[in-house]
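Written out below as structure tokens is the structure these notes cover.
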Amino acid sequence: MLVDYIREYVKGECSNTAIGREFYENHLILVAHYGIKLAVETGADPEIVELAAYLHDFSFVIDEMNMEQHETKGVAIAEKLLKQFNYPKDKLERVKHCILNHSSLARACGASPEEACLANADIMSLIAKPDYWVKISSLTNQGEENSNWFYEQIAKSWPLMMAPARAIMEDKFNELKKAAPIMA
Ligand SMILES: [Fe+2]
Ligand SMILES: [Fe+2]
């Protein structure tokens, strides 16, 4: 199946570096996991969400210089990749929209059900793995505000998340609130 091939391809590319390997295990696979779960619960297409989950941040796995524009670069990569499999054009467009809008929860939630699932799953994976994200933000940012980035993302995203996503993550979110006064 195409989703299996894309998963293994992305996993293989990520395994070229230790950072990539950790990113796959702590983020991409979890975004797919939560994205599929939300798709099933909300009636979105799980295949679209799963493909977009593996590919949504893939552009900066390949080249970290793509970070700033990783959504648009990711769209171009997904298009090239999926066209090789003659993936139907209408489905391809839906995958591309998920990737393009994944960083804006507000925009994605007002768009297609698949876009909403992916953007929510992206934040759910942050809530699921706080230790990983605090570590990553301290590697990528200098200074003492390192972990604040992570907690601020969660605090500002939580009210925008869809109800089924909040229901799944509620316990973990409450644990984080206790651990980080910034979120109270
Ligand atoms: Fe992203
Ligand atoms: Fe992501």
Rounded to the nearest 500, the 222 nm mean residue ellipticity computed for the chain from DSSP H runs (n ≥ 4, each -39500 (n - 2.57)) alone is -22500 deg cm²/dmol
Pairs over 26 Å Cα to Cα, from K89/K156; K11/K178; K11/K83; K37/K96, come to K89/K156; K11/K178
Taking a straight Cα-to-Cα line shorter than 19 Å from K73, and setting aside same-chain aspartates and glutamates fewer than 8 residues away, one finds E13, E50, D57, D63, E64, E93, E115, D122
Listing S125, S104 by rising number of other beta-carbon atoms within 10 angstrom, fewest first, gives S104, S125
For S103, the residues 5 or more places away or on another chain with a placed amide H closer than 5 Å to its own amide H are none
The rounded separation in angstrom of the Cα centers of segment 14-47 and segment 64-106 is 15 Å
To the nearest 10 degrees, the tilt of helix 113-128 (Cα long axis) against the first principal axis of the alpha carbons of the chain is 40 degrees
To the nearest 10 degrees, the tilt of helix 29-42 (Cα long axis) against the first principal axis of the alpha carbons of the chain is 80 degrees
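No value in this document is a laboratory result; all are computed from the given coordinates. What you see is a predicted model, and the numbers here were worked out from it, not measured in a lab. Glycine also receives a Cβ, built like all others from the backbone with ideal geometry; neighbour counts cover every protein chain displayed.
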